[in-house]
1. Looking only at strands (runs of 3 or more DSSP E) that fall completely inside the chain, which ones have 2 or more residues that are surrounded by 14 or more Cβ atoms within 10 Å (Cβ to Cβ) and not charged (D, E, K, R)?
2. Please go through segment 1-53 and give me each residue that is over 16 Å from Ile66 (Cα atoms) and among the basic types (Lys, Arg), ordered by number.
3. Would you mention how many residues in segment 33-54 are hydroxyl-bearing (Ser, Thr, Tyr), more than 11 Å from the chain's Cα centre (by Cα) and over 19 Å from Ser12 (Cα atoms)?
Amino acid sequence: MTLLEAKFELQSPLTHDQLRSLGEFANTYGLRRFQVDESKLQISFEYDASRLRETQVTHVLGHAGIPVLRRLN
């Protein structure tokens with residue numbers, strides 16, 4: 001298992017429904033955990049790179065309706 005972290009800048013704060021949607025994707029796609037920093041409008045993900053590529057993480061965000069502006073790291 002190879003763990004990587006991806007951090008993204010959010011366009012707006014996440015809603016309750018968006019957070020719930022992310023929780024559902026974590027089990028399905030192998031996202032190990034995510035952390036939201038509402039004060040900086042950022043979200044970061046730890047994921048298993050042996051199961052996912054960064055493009056798939058970005059796809060999950062789009063599918064969940066997460067308003068991402070850009071990747072930060």
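A short reminder: the numbers here are calculations on the coordinates, not readings from a lab. Everything numeric in this text was worked out from a predicted model, so none of it was measured. Positions of Cβ are generated from backbone atoms using ideal geometry, with glycine treated the same way; all protein chains shown enter the neighbour counts.
1. Values: elements: 3-10, 31-37, 42-48, 68-71.
It comes to 3-10, 31-37, 42-48.
2. Those that are over 16 Å from Ile66 (Cα atoms) and among the basic types (Lys, Arg): Arg32, Arg51, Arg53.
3. 1
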